[in-house]
Structure formats: C-alpha cells, structure tokens
Amino acid sequence: MESGLRLHDTATRTVREFVPINPGKVSLYLCGATVQAAPHIGHLRSGVCFDILVRWLTASGYRVTFCRNVTDIDDKILDVARHEGMPWWAVAERNQRAFTHAYNTLGCLPPDVEPRATGHVPEMIALISRLVERGHAYAAGGDMYFDVRSYPPYGALSGQRLEHMRAAGDTDGAAAKRDLRDFVLWKGAKPGEPAWETPWGPGRPGWHLECSAMAISYLGETFDIHGGGLDLIFPHHENEIAQSRGAGYSFARYWMHNGLVSVAGEKMSKSLGNSLIVSEVLRRVRPPELRYYLGQAHYRSLLEFSEEALAEAAAAYRRIEGFVARAAEVAPPRLAGAPDALPSLPCRFAAALSDDLGVPQALAVVHDAVRAGNNALAVGDAARVGGKLGEVRAMLGVLGLDPLADPWAAVPARSGAGDLRGVVDALVGVALAQRLAARERKDYAAADAIRDGLREAGILVEDTPHGPRWELKQ
C-alpha cells in the first residue's frame, strides 16, 4: 500500500518523507554484531527495532533487501581469543551462533544477506585503493589511514567540528599519523595475529572500512537506509560516510539510529559489567514477552532497564495473548486462520507506524482493540469477537507478536508449564471433568472445592460459554 512513511534522518536531524531510490523497493543496511561475546539485550533492541521496520516496509508494499553484517575480526575478538587460549575464529564462530540463535528466538526475520568482514577483504582492498588514488588515504608505520582533513564535511553526521575532536585512538602507531584524528583503514600484521596480503603489505581490516565495503557490495553505490545503534554515530558511521563518499560513492540516503538500553543510568556494555545476557533474561520471561519489552518504546528513546518494567511488559503481552487465545476458541475459522485471511490494518495503527515508526501509539491501538474484543466476548458477540481478533492479529503480525503465527505458535502460552505442559493439561483435565460431574449432580460444594484446590496449586479456572478453560497463575 506504500503509505506516506516519514522517518527521522540523523544526517538532517529531521523527520522527513521517505522516498526510496527505486519505487516499490527499499535497500537497508544494518550494522550488526562484533562477535567477541554473547549478545545482551542492548544488542537485541537494535535487532527488534529494525525487524519492525522491515515488517512495516513489507506490509506497506515495499520489496525490502535487508543486509546485516557480522564483524568477525576485531581487536576485541583477538583479545578474547588470547585470554581464553583459543583460535580467534573459534571465538567469532561461537558468538556468531549465539547471536543468530538470539535473533531467531526473539522472532527477528533473517536478513537477505549477512556478510562477514573476513569474507570481503578483496572489496576492502579495492576501496582503499580508490581512496589512495583520490588523495584521501596514506600509508604510515605499516598501517593505512584516512586523512580526515582531506574530507571537509567530516563531522557533519554527528554535528562535531574537527578542531573539537579527540585523537582517534584506534592504533598503536598513532605517532605515524599525519593527524591524530585520522582513523585506521588497515592494520599492519603483528606476530600471532591473522593477516591478509595487500599491496601495502600483510594486515587486517580496520573496523570502519568493512561496513562501507560490504554495504556497497550488496546494496550498490547508493542505497536507501543505513541503521544502527545511537552509539555508532561517531566515530563508526561518521567514518563510513567519509571513506565511502571520499571514494566517490553517494552511500546511504537516510540514517536511522535506535536508542540504547541503560542500567542504573549507564549504557549497557560488556566493559561496564552490567550486561543482561539474552539467555539469562529468557529464564525470567518468555521470548515474545522480551520482544514486546524491547520493541514497545519508540525506537529512538533510551530504554532504562528494570525488572519491574520487564514484568509489566510481560504482563501486557499476556493480556493480548489471553484475548487471542479466548477469541480463537469462538471466532470463525477464517478469521482465526491464515494471515492472508486477516482484515486490513486499522487506520490509526498504520498512521502511527508511518510517523517515524511510532510503536507506542500503534500498541495503544492494539490494546484498544483487545479491550473491545474482551467486551464482545463478555456478551457472547461471536461476530464482533472474530472481527477484533482479525484486527489484533493483523497488527501483531506487523509487530512480530502474533501468538498464533510462527515462531510463537510453538511457545507454550502458559508460562511455567515447560516440558510438562502435556502432563499438567491432562491432570487438570481430570480435575475439571470431576468438577463438571459434581455440578451436574448439583454438588456445588464439591465443585467449588475442586476449583479452590486448583487455585491453591496455581491454576486459575474460567467458566466460558464454551466450557471451562484454565491458565497458570502469573
């Protein structure tokens, strides 16, 4: 439907109309993980926010080409490898698999391509060669550097002036630089470190170079959107722009940045020791509940983590999930079935997402529909229940939260039942059958005693026009 999408562009510091290079198509590059450790929820916030963007672009009628890179060679990876006494590539592979598992667990759609830095060294060498030819790069002390003074717009993305910038601090050979603010493109080989042959001697990529080379390789010299976390604006994205445009490429037309996750007022990072590893958080909430938590705030806002906020988000998702489960029991099969049978999205929901991906406002529309659906359930209006179920599922599909769709259809709806859900369901079924028999013989005291006993065991029973249903007490 290609709605009037407006996005905040970091480069212009404005929310502006999104007009793709090619009508009906969108090219998107997202800076992915540097895989020196397992993912924390700060990493996954970026994954969820841009997954919602991809889903909304697709729902709006665009054909999206989504590229998300992997940095699998880096100083930090080499440091971890030395500390653990294992090959650098084994560290990268282990953590790359952990990231992939986390993305999949939280329902993030896979990118169309997920290139690794080590697989694109020829493209990086070609990019450096262009920069040397154009007077933007030079060799010094065994390394290759970008001359920031050769590119007058340097600092425009982050709004900084060159004279106010600190030294880059990205190499041990800083004394060889023409200017301490010059950043490294290629690092000369050191004993015991991986190296690739280049016209300037053996070495390995600098952090910034890889993203320009991979984005251009897969999306072209000019593409629509470049995304990443707010902490990447400087120096990473600033340097990407300088080296890409210095080489003669237009590069990205829109720059989008998601806000960070903080703990006690500090940015979540491994160096601060306050990381909340995804696998540990998922011991406390289910995957769709964590996805709801990470995606519920506006993508540009700071997300201050707390256990209370996480619990509130989980409860909010369970309210939605509870309505979907109850409504699916009474709704016509057509509305409870395949996504292509679902009705169109409510106008307020579409307007919210078209206004710089306004997920909080979109979720308000979801909850309004859930309340209306619950009211219809209360009065037994099956037709209205089916309509609201269709609306809710259509909206949840865009947000990646539909309980009846993959991957959540396989997630137990009653948190805590775990692998014993089938056994619990069978035992509760026996108790409910005994309760029904007691009520049929008008032994209401025995029926109430069974219900109360189940409640004491943490099982809540709800009588509906279609029979009793149960859920674990949250």
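The values are calculated or read from the model by the stated rules, or taken from the named source; none is laboratory data. The structure displayed is predicted, hence computed values, not measured ones. Don't worry about glycine lacking a Cβ; one is built from the backbone with ideal geometry, like all the others, and counts go over all protein chains shown.
Quick notes
- Against the numbered list (1) part of a loop (DSSP other than H, G, I, E, B); (2) small (Gly, Ala, Ser); (3) out of contact with any helix residue (DSSP H, G or I) (no Cβ under 6 Å at 6 or more places or on another chain), residue 139 comes up short only at (1).
- Number of the condition not met by residue 299 [criteria: (1) closer than 18 Å to residue 370 by Cα; (2) touching a strand residue (DSSP E or B) at 6+ places or on another chain (Cβ under 8 Å)]: (1)
- Pick from segment 143-164, criterion of a type in the set (Asp, Glu) and buried (at least 18 other Cβ atoms within 10 Å of the Cβ), ranking: modelled with the highest pLDDT: 147
Residues checked against (1) more than 30 Å from residue 299 (Cα to Cα); (2) assigned by TED's automatic domain parsing to the domain that holds residue 154; (3) of a type in the set (D, E, K, R); (4) modelled with pLDDT of 95 or more:
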residue	(1), (2), (3), (4)
174	yes, yes, no, no
182	yes, yes, yes, yes
185	yes, yes, no, yes
207	no, yes, no, no
239	no, yes, no, yes
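- Count - residues of segment 1-27 that are assigned to a loop (DSSP other than H, G, I, E, B), more than 19 Å from residue 258 (Cβ to Cβ) and not acidic (Asp, Glu): 9
- When residues in segment 353-375 are screened for being surrounded by fewer than 21 Cβ atoms within 10 Å (Cβ to Cβ) and over 26 Å from residue 301 (Cβ atoms), 3 of them pass.
- Candidate set from segment 60-86 (those that are basic (Lys, Arg) and in contact with a strand residue (DSSP E or B) (Cβ under 6 Å, 6 or more places away or on another chain)); member that is nearest to residue 120 (Cα to Cα): 68
- Odd one out for residue 209 among (1) surrounded by fewer than 22 Cβ atoms within 10 Å (Cβ to Cβ); (2) under 32 Å from the mean Cα position of the chain (by Cα); (3) among the hydrophobic types (A, V, I, L, M, F, W, C): (1)
- Residue within segment 209-217 that is touching a residue at least 40 places away in the same chain (Cβ under 8 Å) and β-branched (Val, Ile, Thr) present: yes
- Residue 196 being over 32 Å from the mean Cα position of the chain (by Cα) and either exposed (fewer than 15 other Cβ atoms within 10 Å of the Cβ) or of a type in the set (Phe, Trp, Tyr) (or both): yes
- A single entry from 168, 174 fulfils the requirement of being of a type in the set (A, V, I, L, M), surrounded by 16 or more Cβ atoms within 10 Å (Cβ to Cβ) and over 35 Å from the mean Cα position of the chain (by Cα): 174.
- Test: residue in segment 28-45 that is among the aliphatic types (A, V, I, L, M) and in a helix (DSSP H, G or I): yes
- Of everything in segment 231-258 that is without any contact (Cβ under 8 Å) to a residue 60 or more places away in the chain and in contact with a His (Cβ under 9 Å, 6 or more places away or on another chain), the residue that is surrounded by the fewest Cβ atoms within 10 Å (Cβ to Cβ) is 231.
- Candidate set: segment 20-46, residues that are closer than 18 Å to residue 208 by Cα and out of contact with any Phe, Trp or Tyr (no Cβ under 6 Å at 6 or more places or on another chain); chosen: the one surrounded by the most Cβ atoms within 10 Å (Cβ to Cβ): 29
- Residue within segment 63-74 that is in contact (Cβ under 8 Å) with a residue 60 or more places away in the chain, closer than 22 Å to residue 213 by Cα and of a type in the set (Asp, Glu) present: yes
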